[in-house]
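Note sheet for the following structure.
What follows is calculated from the coordinates using simple rules that are stated; it is not laboratory data. All values reported here derive from a predicted model rather than from experimental measurement. Virtual Cβ from ideal backbone geometry, glycine too; neighbours counted across all protein chains shown.
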Amino acid sequence: MNNTSKPDTFKHSEAIKASLKKRYARERRFQWYGRLAVLTGFVFLFILLFDIVSKGYPAFTQQFIKVSINLDLDQLDLPPNATQEQLFSANYLGVIKASLREMFPDVSGRKDKQQLYRLLSVGAEYNLRDRVIENPKLLGHTTDIWLRAHSESGSYLKGQVDAAMPESDRRVKDLQIGWLEELKAEGRTESRFNVAFFTNGDSREPEMAGIRVALYGSFFTLLVTFAIAFPIGVFSAVYLEEFAPRNRLTDLIEININNLAAVPSIVFGLLGLAVFINFFDLPRSAPLVGGIVLSLMTLPTIIITSRAAIQSVSPSIREAALGVGASKLQTVFHHVLPVAMPGILTGSIIGMAQALGESAPLLMIGMVAFIMDVPGGVTDPATVLPVQVYLWADSPERGFTEKTSAAIMVLMGFLIVMNALAVYLRKRFELK
Amino acid sequence: MESADSPQSPAPAAQAATGEKKALDIHDHTDVGAYETIGSPFVKNPKMSARNVNVYYGDKQAIHDVSLDIGRNEVIAMIGPSGCGKSTFLRTLNRMNDIIPICRVQGDFSLDGDNIYGADQDTVLLRARVGMVFQKPNPFPKSIYENVAYGPRIHGLAHNKTEMDEIVENSLRRASLFSEVKDQLDKPGTGLSGGQQQRLCIARAIAVSPEVILMDEPCSALDPIATARIEELIDELKENYTIAIVTHSMQQAARVSERTAYFHLGKLIEVGATKQVFTMPKHELTENYITGRFG
C-alpha cells in the first residue's frame with residue numbers, strides 16, 4: 001500500500017504544480033481584462049464629460065459692452081417728472097440706437113446701421129429700462145452703461161469666431177469685428193458671470209435664454225413623482241412581500257409589475273395625455289401631470305428594488321421580533337423596513353434619476369412648450385431639463401450650442417445633488 | 001424493558017444485526033410506521049403539553065406523532081441527529097412555524113391548559129408568554145438598551161422611563177451581561193461578541209417576563225467559554241422559568257437538563273430523566289447516539 005501510494009502523491013503534486021502556472025496566468029489575464037474594461041469605461045466617460053464641459057462652460061459667461069448713453073428726455077418720449085408707467089414704456093431702443101450711432105459716427109447706410117445695432121442684445125433695452133427705473137436720476141444725463149452683448153458678438157469676444165474664415169460663412173461680419181476690436185481696445189467690453197442663465201426662462205435670443213423654468217419644472221415634477229411613487233411603491237412592496245398570500249393572483253401581479261418596468265416610457269406619456277389631460281382635465285404642460293406620468297413609470301422600479309431589499313433582510317431579525325411578541329406589522333415597521341431602507345432608497349434614487357432624465361413621455365403631455373415665466377407651483381406650465389436640452393439642441397442659433405451643453409451640466413449637477421442626498425440618507429439609516 | 005422494545009417498527013430490530021445495516025437505516029426516511037415512545041413523556045401538572053403532534057413541510061412529514069409534556073420549572077433537553085425534528089418541535093411550542101407558509105402543524109398543544117393553536121389564541125400573547133432564543137445570536141441592529149427595551153415597550157410593560165430602565169437593568173443582570181455593558185448601553189447590540197450577543201438575546205427574551213423560554217441550540221455558534229457562561233445562566237434561570245433547550249451537544253444536555261428527549265427522524269424515541277437516559281438508555285437508537293456511533 002505504501003509502495004503504490006507514495007509515487008502517486010508525488011505524481012499528483014507534480015501535476016498540480018504544472019497546472020498552477022496555467023491557473024495563475026489565467027487569473028492574471030482575467031484581472032487585466034477587468035482593468036481594461038474599467039479603463040475603457042473611464043476613457044469614454046472622460047471624453048463625454050470633457051466634450052460637454054468644454055462646450056458648455058462659455059455659456060456661464062456673458063459679454064457686456066459699455067455704451068455711453070445720452071438719456072435725453074425727448075429721445076425717450078418722456079415728459080419731465082414721468083410716472084413709473086411712462087418710464088416703463090419709454091423708447092429705450094431709440095436711445096440705444098442713437099447712442100451707438102454717436103459712438104461710431106462714420107457708420108452710414110441702413111444695412112451697416114442694422115449691423116451696428118446687432119452688436120447688442122435685443123434684451124439690452126430691458127437692461128437699460130431696469131437701470132433707469134431703479135435710478136431715475138440718470139435721466140437727462142449721459143452715462144456709461146454696461147449692456148448685454150448679442151450672442152454673436154459675444155461669441156466673437158469669447159474667441160469662438162475664426163476671423164480668417166470667409167465673411168459669408170460667419171455670422172459676425174468684418175464691420176462688426178472692426179467695431180468690437182475698437183471697443184475692446186477702449187476697454188468697453190467685459191466678460192461677466194452669466195446670472196441670467198439661472199434667472200431667466202427660455203428665450204429666442206441665446207444670450208437671454210435661461211434654465212430657470214426647466215430647473216423649477218424638473219424640481220416640481222420630481223417632487224410630485226417622489227410624493228406619489230415612493231409611498232405607493234414602498235407600501236406595495238411591503239404588502240406583496242410580507243402580507244399578500246402566495247397564489248395565482250399575486251403571481252400575476254408580480255409578472256405584470258415586472259412587465260410594466262419594460263414598457264417604453266412614451267406609452268406612459270400617451271396614457272397621461274388620454275387619461276389625465278383629456279379625461280380628468282388636468283392642466284396641460286404642468287409638472288403635476290408630468291409628475292404623475294413619471295411616477296407611473298418609476299413605480300415598477302421602486303417596487304421591484306424595494307421587494308428585493310425587503311427580501312434580503314435576514315429572517316433572523318424577523319424571528320427575533322416575532323419571538324418577543326411583536327405583531328406582524330410591528331415586525332415589519334420596527335425592524336424589517338429600517339434595515340431594508342438603504343436598499344429601498346437606492347432603488348428609489350435609481351427610479352428618480354430615470355425620471356429626471358426622461359423626456360419622451362413629457363413631450364406627449366405638452367411639457368415641450370416655449371415657456372418664459374418661472375412656474376410658481378405644480379399646476380403652472382413648465383418644462384424640464386432634458387426637454388430644455390432637446391429644445392435648445394434643436395435651435396439653429398450658434399449661441400444655443402453652448403447653452404445645450406450647459407443645460408446638460410446643470411442636469412448632471414441636479415443628479416449629483418440627488419445622489420448625494422440619497423447617500424446621506426442611506427448613511428443615516430445604516431448608523432441607526 | 002424488552003417488552004417496550006417489541007412494539008417498535010421492524011427497522012430498529014433489524015439494525016441490531018450488523019453495524020452496516022444500522023448506518024443505512026439512519027437515513028431511511030421512508031419508514032413512517034407506528035411506534036411508541038419509550039420512557040416517560042408525560043408529567044403531572046405540566047407547564048406545556050403536546051399530544052399527537054404531526055408537522056409537515058409541504059408533502060414531507062417532519063414530525064411523526066410526538067407527544068411530550070414539559071414540566072414546571074424544569075429544564076428539558078431535546079437531542080438527536082440533524083434533521084430529527086427537534087427544532088421543528090420546539091418551534092411549534094410558540095407557533096414560530098406559523099411564519100413558514102408551507103408548514104402544517106397537527107396535534108393538541110396547551111400552555112397551562114390554554115389551547116395554543118386555538119382559534120382565540122393570539123400569537124402575540126403566546127410569544128410574550130413563551131419566549132425564544134435562537135441558534136444564531138440575532139440582536140436587533142439597534143442599541144443594547146433598545147434591544148432589551150423593545151419587548152416591554154411594545155407590550156406596554158413600563159409606564160415611564162424609570163420603570164423601563166429598571167426592566168432593562170434587571171434583565172441584563174439576570175442574563176449576567178449588565179456588568180459588561182453598563183457603560184455602553186447606547187452602543188449597537190451587533191457590536192458585542194458572539195457570546196455577549198447571545199446573552200443579550202436571552203436578556204431580551206426575559207425582559208417580557210415569559211413563563212417558558214425555548215432555546216434552539218443557543219450555544220452552537222459560541223466558543224466553549226461563552227458556552228459555559230450560557231450554561232451557568234440556564235442553571236440560574238431555571239429557578240424562575242421553564243426552559244426547553246434543543247442542543248447538539250450531549251454534554252450540554254447532560255450538564256443543564258433534568259429531562260432529556262431523544263428525537264430520531266421526526267420521532268420521539270425516548271424520554272427520561274437525564275441521568276437515566278445518558279447512563280442507561282432503554283432504546284438502542286438512543287444508546288447508539290449517545291455513545292457516538294452516529295450523529
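Side notes on the structure shown:
- Peptide A:332-345 shows a mean partner chain C-beta count of 1 within 10 Å per residue C-beta.
- Between the Cα long axis of helix A:248-260 and the first principal axis of chain A there is an angle of about 40°, rounded to the nearest 10.
- Of all aspartates and glutamates in the structure, those lying under 19 Å Cα to Cα from A:K137, and not within fewer than 8 positions of it along the same chain, are A:D72, A:D74, A:D77, A:E85, A:E125.
- Chain B: angle of helix B:194-207 to the longest principal axis, Cα-based, in degrees nearest 10: 80 degrees
- Per residue of B:126-136, other chain Cβ atoms within 10 Å of the residue Cβ number 3 on average.
- Each stretch of four or more DSSP H residues adds -39500 (n - 2.57); spread over every residue of chain B, this sum gives -10500 deg cm²/dmol at 222 nm.
- J(HN,Hα) series, the stretch A:214-224, from Karplus relation 6.51 cos²θ - 1.76 cosθ + 1.60, nearest Hz, glycine and proline x: 5, 5, 5, x, 4, 4, 5, 4, 5, 4, 5
- Using the average count of surrounding beta-carbon atoms within 10 Å as a protection proxy, the listed peptides A:405-418, B:88-101 rank, highest first, as B:88-101, A:405-418.
- Once both labels are positioned 7 Å from their Cα atoms along Cα-to-Cβ, the gap between A:F44 and A:R428 label points is 3.6 nm.
- Residue-count net charge about A:L345 - beta-carbon cut-off 11 Å; Lys, Arg +1, Asp, Glu -1: +2
- Most positive-pole-ward Cα, B:L285, B:A128, B:V246, against dipole of the stretch B:2-290 from beta carbon charges: B:A128
- Value of Rg to Rh for chain B (Rh from inverse mean 1/r over Cα pairs, i.e. Kirkwood): 0.99
- Lys/Arg +1, Asp/Glu -1 at C-beta; the stretch A:274-373 dipole; positive extreme among A:G291, A:I344, A:A369: A:I344
- Neighbours of A:T301, meaning other residues whose beta-carbon lies under 14 angstrom from its beta-carbon, give a summed charge of 0 when Lys and Arg score +1 and Asp and Glu score -1.
- The ranking of A:V38, A:V267 by Cβ neighbour count inside 10 Å, starting from the fewest, reads A:V38, A:V267.
- Put simply, when A:94-107, A:206-219, A:346-359, A:180-193 are sorted by average Cβ atoms within 10 angstrom per residue, most first, you get A:206-219, A:346-359, A:94-107, A:180-193.
- Alpha-carbon centroids, the stretch A:274-288 and the stretch B:222-295: separation in whole Å: 71 Å
- Cα gyration tensor category, rounded, prolate or oblate, for the stretch B:154-256 with a/c compared to 1.5: oblate
- Summing +1 for each Lys or Arg and -1 for each Asp or Glu among the other residues whose beta-carbon sits under 10 angstrom from that of A:R170 gives -2.
- Selection from B:S40, B:T92, B:G266 lying farthest towards where the dipole of chain B points positive, charges on Cβ: B:T92
- Packing here is the average count of other Cβ atoms within 10 Å per residue, and on that basis the peptides A:391-403, A:237-249, highest first, run A:391-403, A:237-249.
- Pairs exceeding 19 Å between alpha-carbon atoms, taken from B:K161/B:K182; A:K113/A:K173; A:K184/A:K403; A:K328/B:K238; B:K142/B:K182; B:K47/B:K238: A:K184/A:K403; A:K328/B:K238.
- For the protein assembly as shown: rounded, prolate or oblate by the Cα gyration tensor [a/c cutoff 1.5]: prolate
- Antiparallel beta bridges, as assigned by DSSP with both residues in the protein assembly as shown, represent about 65 percent of the total such bridges.
- Convex hull of Cα atoms in the stretch A:282-432, direction-averaged projection (nm²): 11.1 nm²
- Using C-alpha pairs under 8 Å with a sequence gap of at least 6, the mean separation divided by the residue count of the stretch A:60-200 gives a relative contact order of 41 percent.
- Angle between chain B longest axis and helix B:144-155 axis [Cα atoms, degrees, rounded to 10]: 80 degrees
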